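Heads up, the thing below is written out as structure tokens.
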Amino acid sequence: MGLIDRVEPIDTAWQKNMATNYYSISHIALHERFFAEAEQAARKAVELDPAAHLYIAHLPAALLFQGKYKEAQDIYLKWKDQLVTDPGRITEEVPLDSFFLSDLQQIEGTATSRMDVERAKAILTHSPDE
């Protein structure tokens, strides 16, 4: 049992490191318009470290640009107000919708439908009561 206790923190640290790597891959793949690969990498990051909510950031855009509107919408609605630590500003928490909108703005007008982007922006910028 003592051996298992010594291995666990290494495994946990390894998993967190791998999750971060998959998150980075999802970001790169999304912005290079490899949407299926961005989806796979984001899902793997979330699987490896489900407590790090930031790792879901690129998933809805990757789904949206593959035509998986319902899945993307469900994620946008569920997670848009979730606060996460911004990797660029470690001491500051921001809502995930800022990451969602950033992805849309960076990809908008490239290989995407304007209607898809506008639909996603509407979900993110309007409250459900409007």
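The values are calculated or read from the model by the stated rules, or taken from the named source; none is laboratory data. Since the model is a prediction, treat every value here as computed from it, not as a measurement. When we count neighbours, we look across all protein chains shown, and the Cβ atoms used for this are built from the backbone with ideal geometry, even at glycine.
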Kindly indicate the residue of region 44-74 that is in contact with a helix residue (DSSP H, G or I) (Cβ under 7 Å, 6 or more places away or on another chain) and of a type in the set (D, E, K, R) and also surrounded by the fewest Cβ atoms within 10 Å (Cβ to Cβ) among those meeting that condition. E71
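Among the helices (runs of 4 or more DSSP H) lying completely within region 21-128, list those that include at least 3 residues that are at negative phi and either modelled with pLDDT under 80 or in contact with an Asp or Glu (Cβ under 7 Å, 6 or more places away or on another chain) (or both).
Details: elements: 35-48, 59-64, 69-79, 96-107, 114-125.
Counting at least 3 such residues, we get 59-64, 114-125.
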Failed item in (1) in contact (Cβ under 8 Å) with a residue 60 or more places away in the chain; (2) closer than 21 Å to I123 by Cα, with R33 passing the rest: (2)
